[in-house]
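Computed from the coordinates by the stated procedures, all read-outs in this text should not be read as laboratory data. Predicted, not measured: the structure shown is a model, and the values here were computed from it. Because the Cβ atoms are built from the backbone with ideal geometry, glycine has one as well, and the counts that use them run over all protein chains shown.
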Amino acid sequence: MKSEPDTFSIDDLYNRPERTEPWDGVRNYQARNMMRDSMKLGDWVFFYHSNCSEPGIVGIMEVIKEGYPDITAFDPDDKHFDPKSDLNQPRWYRVDVRYIRHLSRTISLKELKDKTELADLALVKRGNRLSIMPISQWQWDFILALA
DNA sequence: GCCAACGTTGGC
DNA sequence: GCCAACGTTGGC
């Protein structure tokens, strides 16, 4: 899962009550589908810092609540308000995540791109702007071993 | 700040 | 259903 550290960093997550945060404001259907359908209680997730001086994976968090309607879509004062999201048929979903730990160092995007073993990782594929992407167990283990 | 690579919108 | 225009993402 990506986040811009200027907006919400892994340190921000660490400092939240219960070190927990609803991952709201996502307004992309593919990312929505993953939160609504694929991410399961207890799943571990890499926290990725995007749009910053050193983009890369910085830590690990855990899904502590599976997909449920993102109520920020119903709030006209919210930055991510979507008038087309119906209360009875919500368009957007979110999951809750909890901080697990920082990695011992940032695994930079550059380093991930340089590993031929990770050629199939969605994150390093050209033009991929999705803020939530799948990862295989094998890829997960490989990346963790780099830290 | 630039710009490539998207995703969305809306006229037709 | 097509596609041009527009907005956003995010690396660099």
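Can you give me the relative contact order of chain A as a percent, contacts being Cα pairs under 8 Å and 6 or more apart?
Values: 254 pairs, mean separation 40.0, N = 147.
Relative contact order, chain A: 27 percent.
Placing +1 on each Lys and Arg Cβ and -1 on each Asp and Glu Cβ, with no other charges, gives chain A a dipole about its Cα centre of roughly 400 debye. Close amide H pairs (under 5 Å, H built 1.01 Å from N) link A:TRP23 with A:VAL95, A:ASP96, A:VAL97, residues at least 5 positions away or on another chain.
Return an integer: the convex hull volume of the alpha-carbon atoms of chain A, in Å³ per residue.
Working: hull volume 17.3 nm³, N = 147.
Spread over its residues, the Cα hull of chain A gives 118 Å³ apiece.
Taking Lys and Arg as +1 and Asp and Glu as -1, the other residues whose beta-carbon sits under 14 Å from that of A:MET133 total +3. For A:GLY59, the residues whose modelled amide H falls within less than 5 Å of its own, excluding neighbours fewer than 5 places apart on the same chain, are A:PHE47, A:LEU103. Neighbours of A:PRO69, meaning other residues whose beta-carbon lies under 13 angstrom from its beta-carbon, give a summed charge of -2 when Lys and Arg score +1 and Asp and Glu score -1. Between 0 and 90 degrees, the angle of helix A:137-146 with respect to the longest Cα principal axis of chain A falls at about 60 degrees.
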